[in-house]
Amino acid sequence: MAHHHSTTPQILFSIFIFIIASGGKMYASAKNITIVNVCKETVWPGIITHGNNYRGDGFTLKPGQSASYGATDGWSGRIWARTGCNFNNNNSTSTCQTGNCGPSVNCTGPGDKPVTIAEFTLGADIDYYDVSLVDGFNVPVMVKPISGKGNCSTAGCDGDMRQKCPSELAIKANEQVIGCRSACDKFNSDEYCCTGAYGDLTSCLPSNYSKSFKQVCPAASSYAFDGRTSIITCSGAQDYIVAFCASRNQTVCSYRDNKLDCTQSNGSKAFSQSWLKLLLMLALPLAIQTLF
């Protein structure tokens, strides 16, 4: 279940009052995944648990909003952003431009291609995670663990593939590129899909298309056999951040145990300060972005 947290300036005072009244209580879960929308437009995150007959979750995130998703040890699944959706008042009927996963806000299947995917397999000791472009690209995605041990590096993109998508792979709406198909999805050949005669590590090599994806998202899987270098391990992380339209070097924060954990490209740091100061730290850049 996802719990929403709006970070728009109009309701910051309400958030402050809520935190004071609740004593800074956080939602308890084995591991918390904070999903943040850094995009300039609304997205509809989709969440699918592997082995659950494609029954999943979904919700709306306006620009600057975030939500918490509680995942238990052993959870394995994927998270992505749907764009250009038009749900009715009951959130029961919609067609999304990218990442569509069924007619309702709660996903009933995997996201339609092209879609950028954050993948997780969370263990009691070691977690595995990555950002995958094997099904194409619709928005930049960044994944960061907080306070883990081991590799625990940041997965994702440094740019936006929609701006550099080869014309033959581009998906457009209103003359704007809204997604970039993978070569496998576009051409459906063994060479690009790593199947048939190309179904092993030695024969299926990076193509010029996958290399162009890799340039934009160097810490993401760009084709089927790229996962051996792009899947990241981390031990002891209780929080993860999945940010849409964020680059790997951005600093993002998540609350846990009355502390503000902020990850940066060179690691993570926990700050224990007053709630008022913490809110001001988050509110100021968001308020400036909204005003300008």
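Each value in this text was obtained by applying a stated rule to the coordinates, not by laboratory testing. Since the structure is predicted, the reported quantities are computational estimates derived from the model, not experimental observations. Here the Cβ is made from the backbone with ideal geometry for all residues, glycine too, and neighbour counts use every protein chain on show.
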Inset, instruction - Would you tally the net charge around residue 213, using a Cβ to Cβ cut-off of less than 10 Å, leaving residue 213 out, and scoring K and R as +1, D and E as -1? - result: +2
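Using the Cα centre of region 122-204 as the reference point, and only Cβ charges (+1 on K/R, -1 on D/E), how large is the resulting charge dipole? Debye, rounded to the nearest 20. Could the numbers behind the result be given before it?
Numbers: 7 positive and 12 negative charges, 63 e Å.
Around 300 debye, computed over region 122-204.
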Legend entry - Highest average packing first - 96-105, 186-195, Cβ atoms within 10 Å: 96-105, 186-195
Legend entry - Spatially proximal aspartates and glutamates relative to residue 172 (Cα-Cα < 19 Å; intrachain offsets below 8 disregarded): 41, 112, 135, 160, 185
Legend entry - Nonlocal amide H pairs with residue 56, under 5 Å, H built at 1.01 Å: 107
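Quick check: net charge around residue 42, other residues with Cβ under 11 Å of its Cβ, Lys/Arg +1 and Asp/Glu -1?
Details: positive: 40, 62, 82; negative: 41.
Local charge sum for residue 42: +2.
Just order 59-70, 197-208 by mean Cβ neighbour count inside 10 Å, highest at the front, would you? Intermediate values should be presented prior to the final figure.
Working: 59-70: 19.2, 197-208: 12.7.
Per-residue Cβ counts within 10 Å, averaged per peptide and sorted highest first, yield 59-70, 197-208.
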Legend entry - Links that overshoot a 22 Å alpha carbon limit, given the list 144/186; 113/186; 149/214; 31/214: 144/186; 149/214; 31/214
